[in-house]
Amino acid sequence: MIMSKRAKGIALHAILMLGVVVSMFPFYWTVVMATNNTADVYQDPPKLIFGSELLLNIRHMLTNIDFFGSMFNTIIVATCTTALVLFLDSLAAFTFAKYEFPGRRVLFGLLLLTFMLPMQLALIPEFEIMVKLNWVGELRALIVPAAANAFGIFWMRQYTQGAVPSELLEAARLDGCGFFRQYWHVCLPIIRPGLAFLGIYTFVGAWNDYVWPLIALVNPNRVTLQVALAQLNTAHGADYSMIMAGALLALLPVVFVFILFARQFMSGAVKGALRG
Amino acid sequence: MALPRLSAPRIARDTPLPAAPRKRPGRLRRVLSFWPQYLAISPFYAIFLVFLLIPIIFSLYLAFTSWDGLGPIKFVGLQQFRFLVKDSTFWLALRNTLTIWVLATVPMLSMSLVIASLLNSTKRFTTFYRVAYFIPSVTSIVAIALFFSAVFSENYGLANVVLHALHLPTVDWLSDSWPIKLVIAMLMTWQWTGYNAIIYLAGMQSIPTELYEAARVDGAGAIRSFFSITIPLLRPIILFTVVISTVTGLQSFTEPQVLFGSTASVNPNSGGPGQAGLTLILYFYHQAFDNSDFGYGAAIAWAAFLVIVLFTAFNWRLVARKDQ
């Protein structure tokens, strides 16, 4: 049977829209749960439209966990991590992309090798190192280990190689610019679009991180947002509307940031994957 | 003066040449002349050394010891591994991990391929589709795990309400062995299908359209072109996604940990009823950080690492061979 071109097109978009519905449904249903009370949603048939109890649910949620305190911790961790990663990764990437120095190939090979080391192998000793440093429960236990990473250097090196012309650096050198001034005055302004991707990627990753904060922040009253959010499920299993009000508030910033920068983010992520 | 020419840091051409032949006497001075470069890359290596390499070496040592994190470290040889081989909970966690991985990855990557080729055959609303499909991969696993535990709740959770409306029997999603694994697998599938589809789509867009034109002239239909052109040319990317999904899928932790909690007082065995959601890394976490059994925890971590390496190599060969 040969379908007309038009019918084919409609079928195609119908299937794709079905996928979009599946992708988006959890967000819709999260809002439904967070804006109604649990009893209205948990009945047969359930309430399917948005309600007006969001503030009440949020107030209940706030009595169970220190939502804004933990969100503040997360903002500190994510901001500091992102700033450090942007600086240290782009500087290292610039060095690898544009300079020859003895041991360069071996060092870069070593860097690629770290992709393959799974982090759970390091977790126990890493925790012990934090104990020795007296960093357990401190936010720097999350920030410092994340301050530079192989993926960011690898990604930025590819970007810098393509974006920063060597002739420009040569000209800057002839004008008497040393290495760090070349990085600061020539490289940095050019690689800004690449930094935008790496920055959002790092921020979102730090915002959503769960395993290491769970281990390193031992005091249940001083945790990051994701750890606080998870406490909702273990401690107060029944009030789903209250739980989903917390989940909704925690999801919103990331989804908002992603939609704002969706194009750059996706093309950056795809480039990282295809070259990997 | 010939020396400065040699010792001044040179800017690499776009394709850097290997380092020039070195003269013995000036070598150290030459290396030292690159101090700004070494300084620039040193933070990464310092962090790598202190927070990754040394810990990994130390954890290999710990796997042969008995240690609770406070008292002295006692060397016990192979005892932890001997215990591990006989530990039925470890084997249960391994079976769970592999089952969940298969339940998640096979449908996920197949659907990703289909979605990508559908997206590749239209020029309308593509940005909208791509954003909508990609969003699940940037949302937090914790929030989504909370969502799944709410939807698959046994009393009037949405999943059971829908089953009831369709006159189908309801399921104890978070109590029975297979449903628990299915819920975890669905969570992973929901989160990563779109991401993989966008990666595949980028790969498909780099396939020259002339190939498809030629195939059409030769009378090949869409399905035929998909299997004879798209899949073979996408092979490196498929390989990449298979490796990534194997490595991350076998390390799943957050999904079951948030769904069932691991706090000893609430859930002594962790991984939910019957420990049906206990994964390798969750078992590792439970032994190391709930029970403070660092020696056994390290042994589990290394065993899990071995499983991941073997399984990744196995999948690599499977995918690489399929298209020869």
Taking the stated definitions as given, is A:Leu88 in contact (Cβ under 8 Å) with a residue 60 or more places away in the chain, surrounded by fewer than 23 Cβ atoms within 10 Å (Cβ to Cβ) and either touching a Pro at 6+ places or on another chain (Cβ under 7 Å) or of a type in the set (Ser, Thr, Tyr) (or both)? yes
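Residues checked against (1) in contact with a strand residue (DSSP E or B) (Cβ under 8 Å, 6 or more places away or on another chain); (2) within 9 Å of chain B (Cβ to nearest Cβ):
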{"position": "A:Glu128", "(1), (2)": "no, yes"}
{"position": "A:Val131", "(1), (2)": "no, yes"}
{"position": "A:Asn134", "(1), (2)": "no, no"}
{"position": "A:Ala141", "(1), (2)": "no, no"}
{"position": "A:Ala147", "(1), (2)": "no, yes"}
{"position": "A:Phe154", "(1), (2)": "no, no"}
{"position": "A:Arg157", "(1), (2)": "no, no"}
{"position": "A:Ser166", "(1), (2)": "yes, yes"}
{"position": "A:Leu174", "(1), (2)": "no, no"}
Residue pairs qualifying under the 7 Å Cβ cut-off, at least six apart or on distinct chains, with the first in region B:181-206 being more than 9 Å from B:Met108 (Cα to Cα) and the second being not small (Gly, Ala, Ser) and not in a helix (DSSP H, G or I), are B:Val183/B:Phe152; B:Val183/B:Trp173; B:Val183/B:Leu174; B:Tyr200/B:Leu234; B:Gly203/B:Leu234; B:Met204/B:Leu234
Report those helices (runs of 4 or more DSSP H) wholly inside region B:123-213 carrying at least 3 residues which are aliphatic (A, V, I, L, M), more than 28 Å from the chain's Cα centre (by Cα) and surrounded by fewer than 22 Cβ atoms within 10 Å (Cβ to Cβ). B:158-165
Subset of region B:291-324, residues at pLDDT below 95, touching a Ser or Thr at 6+ places or on another chain (Cβ under 6 Å) and within 12 Å of chain A (Cβ to nearest Cβ), comes to B:Thr312
What tally of residues in region B:58-101 results from selecting those that are surrounded by fewer than 17 Cβ atoms within 10 Å (Cβ to Cβ), closer than 24 Å to B:Arg235 by Cα and either in contact with a Gly (Cβ under 9 Å, 6 or more places away or on another chain) or among the aromatic types (Phe, Trp, Tyr) (or both)? 0
Which numbered condition A:Val21 fails, given (1) in a loop (DSSP other than H, G, I, E, B); (2) within 12 Å of chain B (Cβ to nearest Cβ): (1)
Within region A:238-256, how many residues are at pLDDT below 90 and of a type in the set (Val, Ile, Thr)? 0
Does any residue of region A:37-54 turn out to be of a type in the set (Lys, Arg) and outside any helix (DSSP H, G or I)? yes
Within the group A:Phe94, A:Phe101, which residue is closer than 24 Å to A:Val186 by Cβ, at pLDDT 95 or above and within 10 Å of another protein chain (Cβ to nearest Cβ)? A:Phe94
Condition check for A:Arg181: more than 7 Å from every other protein chain (Cβ to nearest Cβ), under 19 Å from the mean Cα position of the chain (by Cα), over 30 Å from B:Phe152 (Cα atoms) and of a type in the set (D, E, K, R): no
Taking region B:73-88 as the region of interest, how many residues are within 16 Å of B:Gly295 (Cβ to Cβ) and of a type in the set (S, T, N, Q)? 2
Sort through B:Ser140, B:Ser175, B:Ser149 and tell me the only one that's out of contact with any Lys or Arg (no Cβ under 7 Å at 6 or more places or on another chain), in contact (Cβ under 8 Å) with a residue 24 or more places away in the chain and within 7 Å of chain A (Cβ to nearest Cβ). B:Ser149
It is to be established whether one or more residues within region A:205-213 are farther than 19 Å from B:Gln191 by Cα and either over 17 Å from the mean Cα position of the chain (by Cα) or modelled with pLDDT of 90 or more (or both). yes
Given the condition at the interface with chain B (Cβ under 10 Å from one of its Cβ atoms) and surrounded by fewer than 21 Cβ atoms within 10 Å (Cβ to Cβ), answer yes or no: does some residue in region A:184-203 qualify? no
Is there a residue in region A:38-60 that is under 30 Å from A:Ala196 (Cβ atoms), surrounded by 16 or more Cβ atoms within 10 Å (Cβ to Cβ) and among the basic types (Lys, Arg)? no
Scanning for something more than 30 Å from B:Tyr133 (Cα to Cα) and not β-branched (Val, Ile, Thr), does region A:9-22 turn up at least one residue? no
When you scan region B:267-303, how many residues do you find that are in contact (Cβ under 8 Å) with a residue 40 or more places away in the chain, touching an Asp or Glu at 6+ places or on another chain (Cβ under 9 Å) and polar (S, T, N, Q)? 2
For region A:111-121, which residues satisfy the criterion of being surrounded by fewer than 23 Cβ atoms within 10 Å (Cβ to Cβ) and in contact with a helix residue (DSSP H, G or I) (Cβ under 8 Å, 6 or more places away or on another chain)? A:Leu111, A:Leu112, A:Thr114, A:Phe115, A:Leu117, A:Pro118, A:Met119
What number of residues within region B:237-257 are out of contact with any Phe, Trp or Tyr (no Cβ under 9 Å at 6 or more places or on another chain), within 11 Å of B:Val319 (Cα to Cα) and more than 9 Å from chain A (Cβ to nearest Cβ)? 0
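The values are calculated or read from the model by the stated rules, or taken from the named source; none is laboratory data. Remember, predicted model here, so these are calculated numbers, not experimental data. With ideal geometry, Cβ positions are generated from the backbone for all residues, glycine too; neighbour counts draw on all protein chains shown.
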